[in-house]
Every structure is written in C-alpha cells, then in structure tokens.
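These notes are about the structure you will find just below.
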Amino acid sequence: MNRYANRLGVMIILCLVNILADAQSNKPVETFETCWNLFDESYASFEEKNIDWNKAYDIYSPQVTEKTTDKELFIILTNMLKPLGDAHINLIAKNIDTAFSADRYSRVLEELKPLEGRKKPYIMAMTQQTLLENGFDEIIKVGPVFRDDTLFSYTRTDDIGYLRFFRSFSTLRKMVGPSLDSQLDEIFDFFEGVESIIIDVRFNMGGDDGFSQKIAGRFVDEKVVGFKKQTRKKKEFGVLKEKYIKPVGDNPFLKPVVLLTNDQTFSAADVLALIMASLPNATIIGEPSNGSYSDLYGRKLLICMEESSPMDGRLP
C-alpha cells in the first residue's frame, strides 16, 4: 500500500444490544455471525496487519452456542477483535454496561498512569511551562469549547510559531465554513514574520478529514494530492480516489513546518500526518501516529431484531 493511501474499510462501532429481557429471544450465534461477516466483507486492513480472519472464525465460532450469555458473547467478540489493533473498532454493550476498544497498547498512556485524574491538564501545563522556558509568549486560545477545552492554543517567539489542537472537528455547528477559516486566519496573521511553525497534534482525538485538509492547505501554494481513499465493500475494493489539498488563506506558509506526533495522534490527525509527510517543507517529529485512519461506520447488532441498522459513527 502506498504510504499516502488511506484504505477505508468498516471501522465499526458495534453495539451488542439485548433490549428485551426475555432470555429466549437472545440470538448469540446469529449475533456472532453478523459481527464476523461485517468485518469479513468490509474491513480493509487484514492483509496489512497479517490477520487471518477465517482462522479467527475457526477459533471463536465454536465458543458460541445458543446458551451463550451476553457477557460471555461480549468477551468472545472482544477477544476476536482485539488483534486488529484499531481504535476505530469499539464494541458497546449497554445492556451489560460495558464497552471495549480494539486500540493497541500505548506507551504514552502507560507512562501517564501514575498521574491522578484526567491527564490532559498535566499535558497542557507541562507544554506551556516548556514553551515559556524557551522564550515563547503566554498561550492564546481561540475557537469553540469542547469538553472544557478551547480548540486552538497558539503562541510564538520572534522566529517560531506554535499551534496545538487536541481535536480535528470541522463539522460542529460553530466551526463550519468561514468560522474555522477565520480562526485560522487569526492564528496565521499572528504568525506573520516567523521562520518556522510547530504544529502539535500529540494526544489529538481526531475528527474529520476536512479539518486536516484545511490545516494542510495553509502550507501549499498550489493544489496537490494529499492522500488517497479506497473503500472495501462485499470483499471488494472500490476505486482509489485522490483527495486534494488546496491553498487556504492569502499567504501560504512555505517555510519549514514541524509536526509533533505520538501514539495518541488519532484518526483525522493521523490523516494530517499522512498529508504533511508528503509536503517538502514539513518534518514529522515524535512517535508514529496511532494509525486509525478510516472513517467510522456504526452498526447495531440487535440480537432481538431481524435487521441491523446504522448508528451515529462517533463515540459519545
């Protein structure tokens, strides 16, 4: 696979639901078959991850019978999905009040375990102190607030600009169209005269590709191919589509840009790293990003209903 390609399969938020209390209406075998077949037909990355999905069926299918309880089925499904190592695969079982993510081991989160409570305030405080110690001004914040965090944080020295964002949503009502563009205009006007810019997407939870394309558009002066997408349905890959980066703003920044990443750089921030890797003026520093590129697709496994139905493809 071309390192600039983004192969989209079904990155599924699976809902294992037993809405009815009547145990006789449970269909664990059908639920397992539905789950396995969803991935068999639509998941894109078995080959890249060296996963034998048929072998997974041979291992886990015999463990499911009509007497399998919801809790037992949940464990079987999570064991089957875990080797995929994909943060866009989430199994939510509201009826037994539990959930699972197939995200792989994180060195960063392991090292942060001794810190009590939410980790983000520690990260923000540490970053700000490091910036101040290295001659940067106090951080300025702009943009909509989500989970008590303003979207953009930025500052500068005489020569270096610094921009951080922990999420990449361009589709929220407050951020569509001119609003996002005007916020970025304000930031890049502030960066006027710097010789380089640092973009910090460590611990970025992701969002959507449009956001990443708008960020990258600040660093090109002509239309370029940023990445490629290819969907997989019914075991077949579709047409490989080119996704372009277009110049955004009046004065593109063509001087050196550094992108900071770690293993908690997710989804749309993964895509930003993918794009920036192809730009001649950009350098990526840090660990490889998380690698959960694909768009989310929701599917309910309703074991008490005949048909599955789509759900909102974003975790609460």
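The values are calculated or read from the model by the stated rules, or taken from the named source; none is laboratory data. Every value quoted in this text rests on a predicted model; they were computed, and no experiment measured them. Don't worry about glycine lacking a Cβ; one is built from the backbone with ideal geometry, like all the others, and counts go over all protein chains shown. Side chains are part of the model used for accessible areas, which takes the heavy atoms of the whole protein and leaves out ligands, DNA and RNA. Shrake-Rupley method; radii C 1.70, N 1.55, O 1.52, S 1.80 Å.
The figures follow:
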quantity	calculated
Over 26 Å between alpha carbons, listed pairs Lys49/Lys228; Lys120/Lys246; Lys49/Lys234; Lys120/Lys141; Lys82/Lys119; Lys49/Lys241	Lys120/Lys246
FRET E, pair Asp185, Glu111, Förster distance 30 Å, beta-carbon r, rounded to 0.05	0.20
Around Ala93: net Lys/Arg minus Asp/Glu count, Cβ-Cβ under 13 Å	0
Mean Cβ count within 10 Å, highest first, over the residues of peptides 31-41, 280-290, 261-271	261-271, 31-41, 280-290
Between region 90-131 and region 194-256, the Cα center-to-center distance that results, in Å	26
Sequence-distant residues sharing a close amide H with Gly226 (under 5 Å, placed H)	Lys243, Tyr244, Ile245
Residues of type lysines that Lys27 reaches as a straight line, Cα spacing below 19 Å, ignoring anything fewer than 8 places off in the same chain	Lys67, Lys71, Lys94, Lys300
Assigned charges on the beta-carbon of Lys, Arg, Asp, Glu; region 229-295 dipole about Cα centre (debye)	440
Debye-sum result for region 186-264 in log10 I(q)/I(0), which assumes one identical scatterer on each alpha carbon, at q = 0.11, 0.20 Å⁻¹	-0.39, -1.02
Fully extended contour minus Cα-Cα distance, from Asn134 to Lys223, at 0.36 nm per residue	28.5 nm
Loop-located chymotrypsin sites (Phe, Trp or Tyr not before Pro) in region 80-155, at most 10 other Cβ atoms within 10 Å (DSSP)	Tyr105
Accessible-area composition of region 141-221, carbon plus sulfur, in percent [1.4 Å probe]	49
Neighbourhood net charge (15 Å Cβ-Cβ; Lys/Arg +1, Asp/Glu -1) for Tyr60	-4
Accessible-area value, Ile75, 1.4 Å probe, nucleic acids and ligands omitted, Å²	100
Length added when fully stretched, Lys49-Phe146, from 0.36 nm per residue minus Cα-Cα	31.6 nm
Restricting region 198-234 to trypsin sites (Lys or Arg not before Pro) in coil, as DSSP defines it, with at most 15 other Cβ within 10 Å	Lys223, Lys234
